[in-house]
Every structure is written in structure tokens, then in C-alpha cells.
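Heads up, the thing below is written out as C-alpha cells.
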Amino acid sequence: MRVLASCFLLLSLVTLPTFAHAASHHKHLSKKAAKRQVDVVEAAVAEASQNEPLLASNEVLVIDEETQDVLLSKNPTQVNPIASITKLMTSLVVLEADQPMDQTIEITDEDEILERQSYSRLKRGMRLTRAELLHLALMASENRAAHAIARTYPGGLSACIEAMNAKALELGMNSTHYVEPTGLSELNVSNPEDLAKLVIQASSNPTIREYSTDDRFAVQLGRRMVDFHTTDRLVANPSWTIVLQKTGYIVEAGRCLVMKAIIENRATVIVLMNSTGTQTRLADAQRIKSWLDVRATKVNTSLPVDPTPSL
């Protein structure tokens, strides 16, 4: 509540109309009074920036990609299931295999019979390109799409999973292990420190950046075009600049979200794992962004002080 109160105080003091009002009437303030205004604003920002946000996610890591500075952490080495965050690694190794993206792949029984039952509009016999399946796996978290691109990896499904684990070791993700490509298995595990490395690596791929941050995509299924939508509504929020994102959920993993976003002109990696409630991971991301915004404001907040007091 102290942070919230401080933020309200900050907003009331540093909104543009207030600054305009302060600038136009500043000549009527004594130097001492003007200095008190500056002190109040800076104190409010300092309190808000020093008090870390209360987050619902059980494991959290926020880092500055360029400096690798840890901005916020909570149980960053705790290993847990990662659900569909798995699809980032699946997509990464599939793209690195450099197979034709326009190659048509047919959905088969193997793609329907997965670790656990999950809803899908992709039915046996439907044919989509590798690019379309990859797009659906990253944007809409389509399990059958992810399985189909892994199944058709050079050497087959087992070779794809082997490549995923090898890539994890290459990236220094020593607490990460994959047993299948969709995230439906609770045996796919990692921790925030490892997933931050994956986010950074995956975000270097322009296809993953584009597909994961698309908010809708239509494909031909049978005789009709079918719209698919993102699982992360933050990508359509104009207050966010998201470079890469991926959501995940199974019961054992809770709600998960990883992303790279530009916040206050710096690339920021956010990893949220094991959150309860359907919206809490998104709310946590918003709390983190607001907290970082306030911290940045601390550097820039000031009011001009007239050296000559008015008489």
C-alpha cells in the first residue's frame, strides 16, 4: 500500500498539467518553497522505486539484457515445469535446422495423441506449411502444430528433443531438461535463470520475434479460413513494446510468461513462473513495468528553481 500511495502521489505531482502549472507559477514561489516541491516529488519516486512490487508469480527474474544486471528476482534458481515455454526451444532448433518453411506438413495421429488431452482446431489430415505451424505454435501455443514441426525435424521427433537438450547445454541452461516438444509434460523443467538465457537467444531470431508477437493469424483449414489469436493480450497493448513473448500453462507449472520488452529505452527480459489465477502473470508483468517506469522517473524528476525569489 505504501508503494501504491507513493505512486498516486507521484502521478499527482509530476503529470504534465502539473508541470505546466508549476512552470507558469514558479515565479511566485520562494526558492525554499520550490525546493520543498522538488524534495516531495523525489521522495515519492524514491519510495516507490525502492519498494519492490508484490508479485503473484512464485519464481521471477528481471534483467537488463545489455548489462546483465538483475533488476528483480524471486526464487530465480527454483526448478519447475515450464509448460508451453517449451515451444521457444522447439522453434529455435527447428529454425536452426534450416528446413524449407514452405514445405507442407500433414497433421497425423501422432500429433493428436499427445501427453495429455488439449483442445485443437488442427485435425488429422489437415495440411499446413512449416511456417504456418511454427506461427501457430509461437503465437497461439498450438500443441499439435509444435508436435508436427518437431516430428518432421531431420531424424524425427527423438532427434528434435535431443537437439533441444543439446541447445540448452550450449546456452548454459544447466537446470533445463526436455522430454517432448509441446510443454504438455511436467517433465519439461527449467528455472528463471535458464529461461532468461533462452529468451535472449530466441529473440535474436527474427522469425521467432515476428511470430511470437503477432496478435492474430489466419490459416486455411479445409474449405475455410480460420483466425487464431495470441495467448498474450499484452502484445496488443500500445503501452508495451514487446520484442518476444511466450505464455505457458499446465496444472503442474502454473501460469508462466516470458518476454523481452523495451522498457524505458532498454531491452528488459522478464521471466514469470508458477503463478496462480488466469490473469496474474499479466498483472505481474504490468506491475514490473510500472515499477521500472517509476525507477526511471527518479532520475529525471526535477522542477526548475528560480535563483531569485519573487518579492
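The values are calculated or read from the model by the stated rules, or taken from the named source; none is laboratory data. None of these values were measured; they are calculated from a predicted model. Ideal geometry is used to build each Cβ from the backbone, glycine not excepted, and the neighbour counts take in all protein chains shown. Heads up: the accessible areas ignore ligands, DNA and RNA and are worked out on the full protein's heavy atoms, side chains in. Shrake-Rupley method; radii C 1.70, N 1.55, O 1.52, S 1.80 Å.
Which of the residues belonging to the stretch 221-245 are closer than 18 Å to Ser120 by Cα and either in contact (Cβ under 8 Å) with a residue 40 or more places away in the chain or aliphatic (A, V, I, L, M) (or both)? If the condition is that a residue be closer than 18 Å to Ser120 by Cα and either in contact (Cβ under 8 Å) with a residue 40 or more places away in the chain or aliphatic (A, V, I, L, M) (or both), then Leu221, Gly222, Met225, Val226, Phe228, His229, Thr230, Thr231, Asp232 are the ones that fit. When the stretch 186-220 is filtered for residues that are under 17 Å from Ile149 (Cβ atoms) and touching a residue at least 24 places away in the same chain (Cβ under 8 Å), the ones remaining, listed by number, are Asn188, Ala202, Asn205, Thr207, Ile208, Tyr211, Ser212, Asp214, Phe217, Val219. If the condition is being open to solvent by 10 Å² or more (accessible area, probe 1.4 Å) and either touching a strand residue (DSSP E or B) at 6+ places or on another chain (Cβ under 8 Å) or assigned to a strand (DSSP E or B) (or both), then the stretch 255-268 contributes Arg255, Lys260, Ile262, Arg266, Ala267.
Restricting attention to the stretch 86-104, does a residue exist that is in contact with a Phe, Trp or Tyr (Cβ under 7 Å, 6 or more places away or on another chain), open to solvent by less than 30 Å² (accessible area, probe 1.4 Å) and hydroxyl-bearing (Ser, Thr, Tyr)? Yes - at least one qualifying residue is present in the stretch 86-104. The stretch 50-120 holds strands (runs of 3 or more DSSP E) entirely within its bounds, and those carrying 2 or more residues that are of a type in the set (Val, Ile, Thr) map to 59-64, 104-106. Here Glu193 does not qualify as part of a helix (DSSP H, G or I), acidic (Asp, Glu) and closer than 22 Å to Gln99 by Cα. Taking the listed residues Leu92, Leu54, Leu88, the one that is over 16 Å from the mean Cα position of the chain (by Cα) and closer than 15 Å to Val258 by Cβ is Leu92, with no other qualifying. The number of residues in the stretch 230-245 being of a type in the set (Gly, Ala, Ser) and touching a Phe, Trp or Tyr at 6+ places or on another chain (Cβ under 9 Å) comes to 0.
Filtering the stretch 201-235 to residues that are assigned to a loop (DSSP other than H, G, I, E, B), surrounded by 17 or more Cβ atoms within 10 Å (Cβ to Cβ) and among the polar types (S, T, N, Q) leaves Ser203, Asn205, Thr213, Thr230, Thr231.
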